[in-house]
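The values are calculated or read from the model by the stated rules, or taken from the named source; none is laboratory data. Note that the coordinates shown come from a computational prediction; the quantities given were computed from them, not determined experimentally. Every residue, glycine as well, gets a Cβ built from its backbone with ideal geometry; the counts of neighbours run over all protein chains shown. To get the accessible areas, we keep the full protein, side chains included, count just its heavy atoms, and leave off ligands, DNA and RNA. Shrake-Rupley method; radii C 1.70, N 1.55, O 1.52, S 1.80 Å.
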Amino acid sequence: MARSFSIKVPASSANIGPGYDVLGIGLSLFLELKVTIDPKEAQDTNDDPNNCKLSYTEESAGFETVPLRSDANLITRTALYVLRCNDIRNFPSGTKIKVHNPIPLGRGLGSSGAAVVAGVLLGNEVGQLGFSKSRMLDYCLMIERHPDNITAAMMGGFCGSFLRDLTPQEVERREIPLAEVLPEPSGGEDTGLVPPLPPTDIGRHVKYNWNTKIKCIAIIPEFELSTADSRGVLPKAYTTQDVVFNLQRLAVLTTALTLDPPSSSLIYPAMQDRIHQPYRKTLVPGLTEILSSLTPSTYPGLLGICLSGAGPTILALATENFEDIAQEIINRFAKKNVKCSWKLLELANEGALVE
């Protein structure tokens, strides 16, 4: 019997300054999947080894280069992992998926995290597995071990999260597509064996409140920056002074963003960081100048500014003068011969949805 459904997963921004690998926010820019399953259309999916015909809208980020084989595409590969964990080898006969992805790739807006979350929801839905969001989060975190983007995309809103350490026995099987850095999962081989079910409660998270007067300005440079490269410039060890600097600001920021009216004198200094942004200045032209020169005193309405995730996108939090703030950052990038676009976004409080 034919059936259809849609999946929506928000973009996300991680770190928010001091919360490296801890904080994330879901943003109102959505990866969307339109899925139909009709056994009568099975002949249209015969070219794929797993009964799935995958296509992208022409407006999607990277639509010309994204892989369309279900065992190579990150969304469907993730879904296959979920299905095979539950002893379902392939997609149902006649599965067609149309993807619309406006989330720019490799820009620090959680495109890979959104793809993993969408893949887990897809596997859960086509397999009719009936998992809760919390259980689906376990599947996500077996693939992507950095919970900040994943949790924000799945749960929505403003999240803090951490992981428990997995034992060697929990990750030793090579059917588990565990990756420290997406989008290339290690493992995940189709050995014909049933992959082990993920452990339960891999991650813990909390959703903070967020003052809805605070909007998110994303200034998006027209170049990609891989998470692997951006992590590669970070040191292996930090001074106690720098760690304490971030911990102090993190403790203040999570409450400061809930207060009404929003206080730039509290939020702006609380979004400072010494753990990741100073080391990434070599990868993002003009980063140091941008983060230090735009202040609430020079741009009314500005609350704080930071690198979004691994970059190169800049995230500015503000209550007004959105275009002026965005244009100033765009102009500063232009002096470094970097073109940018910008988007005004709000929090996606519901997270990932199936409709």
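Filtering the range 50-62 to residues that are closer than 12 Å to Ile103 by Cβ, in contact with a strand residue (DSSP E or B) (Cβ under 8 Å, 6 or more places away or on another chain) and not acidic (Asp, Glu) leaves only Ser60. Here is a check on your reading of the model: is Lys236 basic (Lys, Arg), farther than 27 Å from Leu163 by Cα and modelled with pLDDT of 90 or more? So Lys236 does not fit the description; no.
For (1) modelled with pLDDT under 85; (2) within 21 Å of Arg89 (Cβ to Cβ); (3) of a type in the set (Lys, Arg), each residue gets a yes or a no:
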| position | (1), (2), (3) |
| --- | --- |
| Phe131 | no, yes, no |
| Ser134 | no, no, no |
| Phe158 | no, no, no |
| Arg173 | yes, yes, yes |
| Ile176 | yes, yes, no |
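Evaluated against (1) open to solvent by less than 20 Å² (accessible area, probe 1.4 Å); (2) free of Cβ contacts under 8 Å to residues at least 24 places away in the same chain, Leu291 falls short on exactly one condition, (1).
Every condition in (1) aliphatic (A, V, I, L, M); (2) crowded, with 18+ Cβ neighbours inside 10 Å; (3) at pLDDT below 95; (4) over 13 Å from the mean Cα position of the chain (by Cα) is met by Leu122 except one, and the failing one is (3). Please work out if Pro104 is farther than 21 Å from Gly130 by Cα and modelled with pLDDT of 95 or more. So Pro104 passes the test.
Looking across the range 69-103, the residues that are surrounded by fewer than 17 Cβ atoms within 10 Å (Cβ to Cβ), over 19 Å from Pro195 (Cβ atoms) and of a type outside the set (Gly, Ala, Ser) come down to Arg69, Lys98, Pro102.
Pairs meeting the criteria (first residue in the range 302-323 and in the same structural domain as Leu234 (by TED's automatic domain parsing) and open to solvent by less than 10 Å² (accessible area, probe 1.4 Å), second residue of a type in the set (Ser, Thr, Tyr) and part of a loop (DSSP other than H, G, I, E, B), beta carbons under 6 Å, at least 6 apart or on different chains) are Leu315/Ser308. For the range 232-257, a residue qualifies if it is touching a Phe, Trp or Tyr at 6+ places or on another chain (Cβ under 8 Å) and part of a loop (DSSP other than H, G, I, E, B), and the qualifying residues are Val233, Leu234, Pro235, Leu257.
Between Asp229, Asp260, the distinction of being open to solvent by 60 Å² or more (accessible area, probe 1.4 Å) and part of a loop (DSSP other than H, G, I, E, B) belongs to Asp260 only. Evaluated against (1) surrounded by 14 or more Cβ atoms within 10 Å (Cβ to Cβ); (2) closer than 18 Å to Leu141 by Cα, Leu253 falls short on exactly one condition, (2). A Cβ distance below 7 Å, combined with a sequence gap of six or more or placement on separate chains, defines the contacts here; from the range 77-92, residues that are within 20 Å of Met1 (Cα to Cα) reach residues that are part of a helix (DSSP H, G or I) in the pairs Leu83/Gly123; Phe91/Val126; Pro92/Val126. Residues that are buried (at least 23 other Cβ atoms within 10 Å of the Cβ) and among the hydrophobic types (A, V, I, L, M, F, W, C) were ranked within the range 1-28; the one that is farthest from Thr255 (Cα to Cα) is Ile7.
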